[in-house]
Structure formats: C-alpha cells, structure tokens
Amino acid sequence: TYSWALGPHPHPAFHIVSEALKTLYRQKLLPLEKYYGFSDFHSSSLEDADFDNKPMILVVGQCSTGKTTFIRYLLEQEYPGSRIGPEPTTDSFTAIMHGEIEGIIHGNALTVDPNKPFRKLSPFGTTFLNRFQCVHLPNRVLESISIIDTPGILSVAKRKISRGYDFPAVIRWFAEHVDRIILLCDAHKLEISDEFSHTIMALRGNEDKLRVVLNKADMVDSQELMRVYGALMWSLGKVFCTPEVLRVYIGSFWSSPMRMTDNRKLFEQEEEDLFAGIQNLPRNSALRKLNDLVKRARLAHAYIISSLKEEMPLVFCREKKKRDLIYDLPIIYSRIQQRYQISPGDFPDCAKMQEQLISHDFKFKGLKPKLLAGLDELLNTDIAKLMPLLRQEEDQADKLLVQGGPFLGSHSRPFTEGNPFNHYGSNGESDHVSDEEWVVSKDKPKYDEIFYNLSPHEGKLSGTKVKGWMMSTRLPSSVLGRIWKLADVDRDGMLDDEEFALAGHLIEVKLEGFGLPHELPAQLVPPSKRHHE
C-alpha cells in the first residue's frame, strides 16, 4: 500500500507521485531491467534525479532560427555564455537551470553530479562533454522549468563539417528525457538539410512532446506568410511521415518591434497557445513520468531475451545460429505476440533491435516468473493506487503553473486587472524613494501633449485609451504589458500624466535597444508617487 504517500506532505503533490514512482521502479522494475540487460538495448536505468528534476524544454532548430533569442524572450534576461548573431553562435548544449547564484558548470563535472539528470550522458565522450554546460540563474521562470539550448543544426552547405560526436544520438537522448520539444523554423530558411532530417528522425517516437514554431513571421507580409506556412508543412510532412498533420505555431518570439504588424493578433493568439502548454508542464509532470514508466515497463524486452535464450545452442554453431536469429527476429516477435498475448505496440523497433543484437555476445537469461509477477503487479495494481495522488495534484493546479517572464498569472484571463495587455510582468514597486531628480522631467512636455490629445477623464487615461497608442510602437504585447505594470505605479489600472510620461520614456528606452528594469529604479518613480518618511 501507499498510505505513506497519501498522508500530509510538505511538498506539492507531484513530488509525492515522484517518490512513489521512484520506490516502485527500484522494487519492481529495476531488478528485471538488470537481470535482462535492458540498458544494453534501450535507455539506461533511471536514477533519483530522473524522478525529481523539474520539467525540461528542449529547444532545437537550424542555425540562426532564433533559439537563443526565444530563450531570452522566455526568461526576459540574458544567460551567461549566450551570444546572438547571423552566423552560428551556439556551439554547445546548454542546460539553463535555477540557482540562487549565477554560474556555469562544465560537462565533465555535470556527469558526476547525482542531483542533476545528466549522469548518463558520459558515454557520448569527451568531445561532447566539452561542448556541454549547465548555467544557473536566479530567474522566476526557472523555478518551475529548465531549458536546454542546442547548437544550430547545420545547413546543406556545412553538412560535411564533423562535430566529433553523434549529434542526432545526443538529441535523441534529450528528446526521451524532456517534457517538451520546441522545434524552431525560420520563415526565410525552409530547406531541409541532411543533418536536419537526421535530427527530426531522432525525435521520432516523441511526437507528443513536439511543438513546431515558425519564427520571425513578422518579417513577411500576409500573402508570403501563407506560402511559407504551406511550404513548411510540405517539408515537414516529407520528413515526419505521419498521418497526423503537425501543429505549427506562427509568431515572432523576441522583444523588438515587429517589422510588419498585419498579423499581430494572430501572433499573440499563437503565443498564448504555445505558452499555455509550457505553463502547464509542472502540473502535468507527474503524469508524464508515470506514462514514461508504464511505457518502459510494458516493453516486451524480457520475453524477447528469454526467447532468444531458448533458441540458442549450448556449444556448437552459436555464431551461425546468432545470425539466423537476428535475421528471423520479426518472426520471433510474431511468435511472442501470439504466445503471451502481447500487443505489437509493446515491442521495440525491430531494425534497431537487430542492430543492437549484432554486437551482443548472446549470453542471455531465461524467464524468471518471480520478476515477471512483480512487473504484472506494478502494471495492474500499483499504478492504479497512484491515481488518487494525481487527482490531488489537479486540486493544487494553480500552485504548479510556471510564473514570471511572459507567462500569464495563475488567474488565466485575457486581461489582468487594469492592465490592457495580455501578460503579467515580473516587476515590483519600490516602497521608499528619495528626492532624486526625475529623469523623465525633460521629456514630460512632449508626452503631455500626447496625453491630453487622448482625452483623459478626471486627469487619468484608462487602459483602453492608452493601448492603441502603445501598440503603435509595434513592440510585442508581452513587452508593453511589462511597461504598463512599471508605469502604473499606484496600481489603479489607469495612468495620470506623470505615469503616462514614464510609460513613454520606457518605450523609448526599449526602442533604443536597452532592457527594461525588473523593478522601477528610484530615479524613475514619479515625484507625486514617492513615499516620504
């Protein structure tokens, strides 16, 4: 029984489910995996960090499709070592995780850290580990999720360049261990290179985690965007070869002004859909881990190994028999399906299994009823006992949403109270400000003219009146939402003349290419809003 997991617990419910899954895996599934050499043919055995880690997002795409810019847009800040440019700038796999102190941990140290889920990456070799690092950032978004930035997939012209490690295999490993895969495509780069095809093939089997994003869509007009979208769907259809049509999100994921605003509303709706899925990842994390464990447990590996053991002679003609068995593996699969009533979907890929068997010594073990009985109990009884814990998690849904950055608050309504834009910012208000000179003073007459032309009521403008003027700057709504929250110092959902001038000043700062402050500095707080002691 799991009454120990159902009682009061200081952690959110998904941690309780993780503890129960960890115990079940160690007791019921791990002994079977070790006995039948599961890690020799499939993924390596799971560790505590695989159950305890936060949901991870893998960001993949060709060179210069905006991967690092997309991550910066999510975090609303740079991360150490990031660089953006038209040439391939990211040449490393970077895990961006939460930490109170900003810093970088390099790959060789990461693979020996038991608290990180990267210990099983060491077989990819020193060349890869020299191109792998973990960045710690004190960022609110990273309190709930972690992000993996990847090197740009090489285009056709660069495909002969060797990376020194198996890039698609590394992508496959991450794809199996993350909760969401974001595949970024550029509206101006739709050619499918060899490495891009191999990378997409490495993602197969994880289509449920995949989200395709057509980025930089503000650089083309509506007519051209339709053509680009159609060409992308055609290209992806050739590579994925699935009967379902992939969902492609269209947008421009950066905090700079849009080049063309024809489809602004569409981009904002697409962004909201994409970010809603990301925001719910922590809430769905326990269910994803449970599904992955069930999928792992249902794999008919033990039956395949024991059948091969039965067929192998003890001494003579072992090599010839080995070749025959590898060739006849599809027939062996059919025989196991009929004999044990196992679904075809519970078998590993036949071609991949044949490839693994070629280099194996064929020293296998037969069926062990006790281990298989434990597996049946896990699938038929123990997993059912975890469902109440998942329902507990749903009751705590609001506590498990990603917060901060461009994500909506826990009350996901289209507009926040008094804020005419769709997104929460992550800024606070200073409690005490000194009598420093207000830096906006010199530009206030210019903004006063605009303010009074917008017809204020009782000296204030509502969000509806200000919204049109702010949107004329072509900045994304997430950025304008942050500016509104900074400018509305008294939090009354309206702007007076000083707050309006402050909003105009912040817009100019952003248009000049500078970042916005997380909190309003003392010298920016309007004189009438300063608290004097």
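Tabulated data for the structure shown
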read-out	value
Scan of region 98-111 for residues that are surrounded by fewer than 20 Cβ atoms within 10 Å (Cβ to Cβ) and either out of contact with any Ser or Thr (no Cβ under 8 Å at 6 or more places or on another chain) or not β-branched (V, I, T) (or both), ordered by number	H98, G99, E100, I101, E102, G103, I104, I105, H106, N108, A109, L110
Exclusive hit being surrounded by 14 or more Cβ atoms within 10 Å (Cβ to Cβ) and more than 26 Å from L75 (Cβ to Cβ), set M494, M471	M494
Count of residues meeting criterion [touching a helix residue (DSSP H, G or I) at 6+ places or on another chain (Cβ under 6 Å) and either open to solvent by 60 Å² or more (accessible area, probe 1.4 Å) or in a loop (DSSP other than H, G, I, E, B) (or both)] in region 345-355	1
Residue, modelled with the highest pLDDT, within region 229-245, restricted to residues that are of a type outside the set (G, A, S) and touching a Cys at 6+ places or on another chain (Cβ under 9 Å)	L232
Of the criteria (1) under 26 Å from C185 (Cβ atoms); (2) at pLDDT below 90; (3) crowded, with 18+ Cβ neighbours inside 10 Å, which one K116 fails	(1)
Identity of the residue in region 308-325, of a type outside the set (A, V, I, L, M) and over 16 Å from L357 (Cα atoms), that ends up least open to solvent (accessible area, probe 1.4 Å)	P313
Residues of region 235-246 satisfying the condition of being within 28 Å of F407 (Cβ to Cβ) and surrounded by 13 or more Cβ atoms within 10 Å (Cβ to Cβ)	L236, L246
L511 being open to solvent by less than 40 Å² (accessible area, probe 1.4 Å) and under 36 Å from the mean Cα position of the chain (by Cα)	no
Per-region count, region 246-261, residues of a type in the set (S, T, Y) and modelled with pLDDT of 80 or more	2
Looking only at region 249-290, and only at residues there that are touching a Lys or Arg at 6+ places or on another chain (Cβ under 9 Å) and among the polar types (S, T, N, Q), the one that is surrounded by the most Cβ atoms within 10 Å (Cβ to Cβ)	S252
Search result, residues across region 480-491 that are within 19 Å of M258 (Cβ to Cβ) and open to solvent by less than 10 Å² (accessible area, probe 1.4 Å)	L480, G481, I483, W484
Identity of the residue in region 193-234, open to solvent by 50 Å² or more (accessible area, probe 1.4 Å) and among the aliphatic types (A, V, I, L, M), that ends up farthest from L246 (Cα to Cα)	M219
Members of region 372-420 that are modelled with pLDDT under 70 and in a helix (DSSP H, G or I)	E393, E394, D395, A397, D398, K399, L400
Number of positions in region 438-449 that are of a type in the set (V, I, T) and open to solvent by less than 50 Å² (accessible area, probe 1.4 Å)	1
Among (1) touching a helix residue (DSSP H, G or I) at 6+ places or on another chain (Cβ under 9 Å); (2) over 20 Å from H518 (Cα atoms); (3) open to solvent by less than 50 Å² (accessible area, probe 1.4 Å) - the single one S462 does not satisfy	(1)
Residue satisfying condition, being in contact (Cβ under 8 Å) with a residue 12 or more places away in the chain, assigned to a helix (DSSP H, G or I) and open to solvent by less than 90 Å² (accessible area, probe 1.4 Å), within set I342, I332	I332
Selection count where residues are closer than 18 Å to T65 by Cα and in contact (Cβ under 8 Å) with a residue 40 or more places away in the chain, scope region 192-226	15
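The values are calculated or read from the model by the stated rules, or taken from the named source; none is laboratory data. Quick caveat, the model's predicted, so the values are computed rather than measured. Reconstructed Cβ throughout: ideal geometry from the backbone, glycine too, with neighbour counts over all protein chains shown. The area values use the complete protein model at the heavy-atom level, side chains included, leaving out ligands, DNA and RNA. Shrake-Rupley method; radii C 1.70, N 1.55, O 1.52, S 1.80 Å.
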